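One structure is given here, and the rest of the page talks about it.
The values are calculated or read from the model by the stated rules, or taken from the named source; none is laboratory data. Every value quoted in this text rests on a predicted model; they were computed, and no experiment measured them. A quick note on method: Cβ atoms are made from the backbone with ideal geometry, for glycine too, and the neighbour counts reach across all protein chains shown. These area figures cover heavy atoms from the full protein model, side chains too; ligands, DNA and RNA do not enter into them. Shrake-Rupley method; radii C 1.70, N 1.55, O 1.52, S 1.80 Å.
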Amino acid sequence: MSTLAHTMMTAARSADSGLAGPGELNRYPYAEAPAADRVGVPLWEGAEPELGRVGSRRAAGSRGRGLHGQLVQQLGQMIVSGDLGADRPLVPEEIGQRFEVSRTVVRESLRVLEAKGLVSARPNVGTRVRPVSDWNLLDPDIIEWRAFGPQRDDQRRELSELRWTIEPLAARLAAGHGREDVQQRLADLVEIMGHALAQADSLTFSRADGEFHSLLIQVAGNRMLEHLSGIVSAALQVSGGPMAGCDRLSETCLAHHARIVDALAAGDGAAAEAAMRQLLTVHPGGERVVPAPREH
């Protein structure tokens, strides 16, 4: 029996009988993401009014982070959103005072942002925000921050176009790597997605979907493509309107995943590539469940 047939029959049995309950295969082995914590951050007052605009836009993933991670998240979002424009000076002492963190936390946070191309620090000049042309737009954090900011539509379009370039090729190449353990994991992920579909479990479906695409790229046998797997993972996690791929539960989306697995098992690179292209043209038009942004 093909993976597609097996998966669809499993999903149907689950919906009819209710046998696949919590804790069984339909449950993805990740902790549930916490609900959004929208507590505001300290306002930046006086001569620096725009530094306070972050307000309640604090990311859901900030709750429970260390001070370093929270500050990176807050400053990063403010820069990417335009609240802190290009060439804007960032004074470490002021940041520490306004956000009530130590000089060490500020210094380490600015180093992280500098590594992402968002700021630059030079002697006698200080730390300043860099223009968009200098940002590492392939950095997963920047992808997520752009997805939550004013560039949301552009970010989703660009990610969709990038995935269309990367993933069909990865699927074709992966068909030439007949690792049984990988084949089994991909088939398991499709089955997990089938159970999640039967129970309308969007979060489990989304996480299994993300691992499926990331794993497929990693086994393509191309190290440069493998380096881009984090970008695809970030693309699958951003929020907003429809994007190429599976943004909500659907049998069509599940069927395309199953066809990819069948093509890989048969060593048919052309079929795997075609199935991936079909998957990436699905536009179901709905909000996806967004896992909390990653820890630093």
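The table below gives the values:
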quantity: Output for the range 172-186, where each listed residue is open to solvent by 50 Å² or more (accessible area, probe 1.4 Å) and touching a residue at least 12 places away in the same chain (Cβ under 8 Å); calculated: 172, 173, 176, 177, 178, 179, 185
quantity: The one condition in (1) surrounded by fewer than 16 Cβ atoms within 10 Å (Cβ to Cβ); (2) under 30 Å from residue 92 (Cβ atoms); (3) in contact with a helix residue (DSSP H, G or I) (Cβ under 7 Å, 6 or more places away or on another chain); (4) of a type outside the set (S, T, N, Q) that residue 134 fails to fulfil; calculated: (3)
quantity: Among (1) open to solvent by 70 Å² or more (accessible area, probe 1.4 Å); (2) charged (D, E, K, R); (3) at pLDDT below 50; (4) part of a loop (DSSP other than H, G, I, E, B) - the single one residue 37 does not satisfy; calculated: (1)
quantity: Residue selected from the range 187-205 under the condition surrounded by 23 or more Cβ atoms within 10 Å (Cβ to Cβ) and closer than 21 Å to residue 163 by Cα, by the criterion modelled with the lowest pLDDT; calculated: 205
quantity: Only one of 296, 213, 227 that is at pLDDT 90 or above and not charged (D, E, K, R); calculated: 213
quantity: Flag if residue 169 is under 18 Å from residue 233 (Cα atoms), touching an Asp or Glu at 6+ places or on another chain (Cβ under 8 Å) and open to solvent by 70 Å² or more (accessible area, probe 1.4 Å); calculated: yes
quantity: Hits in the range 169-221 (condition: of a type in the set (Lys, Arg) and part of a helix (DSSP H, G or I)); calculated: 172, 185, 207
quantity: Sole exception among (1) out of contact with any helix residue (DSSP H, G or I) (no Cβ under 7 Å at 6 or more places or on another chain); (2) closer than 27 Å to residue 163 by Cβ; (3) among the acidic types (Asp, Glu) for residue 87, by number; calculated: (2)
quantity: Any pair with Cβ under 7 angstrom, 6 or more apart, that starts in the range 94-115 at a residue that is within 13 Å of residue 73 (Cβ to Cβ) and ends at one that is open to solvent by 70 Å² or more (accessible area, probe 1.4 Å); calculated: 101/67; 105/67; 112/296
quantity: Number of the exception - residue 167 against (1) under 18 Å from residue 84 (Cα atoms); (2) touching a residue at least 60 places away in the same chain (Cβ under 8 Å); (3) more than 14 Å from the chain's Cα centre (by Cα); calculated: (1)
